[in-house]
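What follows is calculated from the coordinates using simple rules that are stated; it is not laboratory data. These figures come from a predicted structure and were not determined experimentally. Note: ideal-geometry Cβ built from the backbone for every residue, glycine included; neighbour counts use all protein chains shown.
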Amino acid sequence: MRWLIIAAMSLGLAGCGSGQHDDLDQFVRDAGQGMRGKVEPLPEVKPYEPFPYEAFNLSDPFTPRKLKPSAGGGGGFQPDLNRRKETLESFELEKLKMVGTLQQNKVVYALIKAPDNSLHRVKVGNHMGVNFGHITNISEQEVKLTEIIEDSAGDWSEKPSSLTLIEESNAGQQNK
């Protein structure tokens, strides 16, 4: 029985080795004929030219510094820095909301809601906002004020701003 299995396997292997795959061998030999790879030449290497670093005397761009004031020195216009700050001057103007008006003894007041949900009563002449905002006019729809802003050169300039009344229907639109 053993001899029979060995004989059958030998016969099977002999059948695979005959010339049945001659055409495949010929194709593999002919497929590589005439194929030559084309490699472009390497680019010319330019010689290294050293660059002398001469910026030791320049200021470091990563160090914070204030620009030098202009020769005019701001023209003498600046806010009163010695004045005692009012409560609403600790909040940015964009975070304050006008929620209404009120009149007592012929004086018109605006009701301002701060980010901490406290309600404040202000009148013409009061200050609010971090940019030295001075209230110039109060109407039923808005509070007009003038802010005093310092630019990068140290000069002060006035900028008109306003807070408009916040109503339930347009709660997203408040500051101009």
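Taking other residues whose beta carbon is less than 12 angstrom from the beta carbon of residue 132, and scoring Lys, Arg as +1 and Asp, Glu as -1, yields -3. Phi angles of region 119-132 translate, via the Karplus equation with coefficients 6.51, -1.76, 1.60 and θ = phi - 60°, into HN-Hα couplings of 9, 10, 10, 10, 9, 4, x, 6, 10, 7, x, 6, 9, 6 Hz per residue; Gly and Pro are given as x. Remark: relative contact order (region 110-167) = 22 percent; criterion is Cα-Cα distance under 8 angstrom and separation of 6 or more residues.
If you sort the three axes of the alpha carbon gyration tensor as a ≥ b ≥ c, you get a/c of 1.5 or more for region 83-164 and a/b above b/c, which makes it prolate.
When 28, 99 are sorted by how many other C-beta atoms sit within 10 angstrom of their C-beta, beginning with the fewest, the order is 28, 99.
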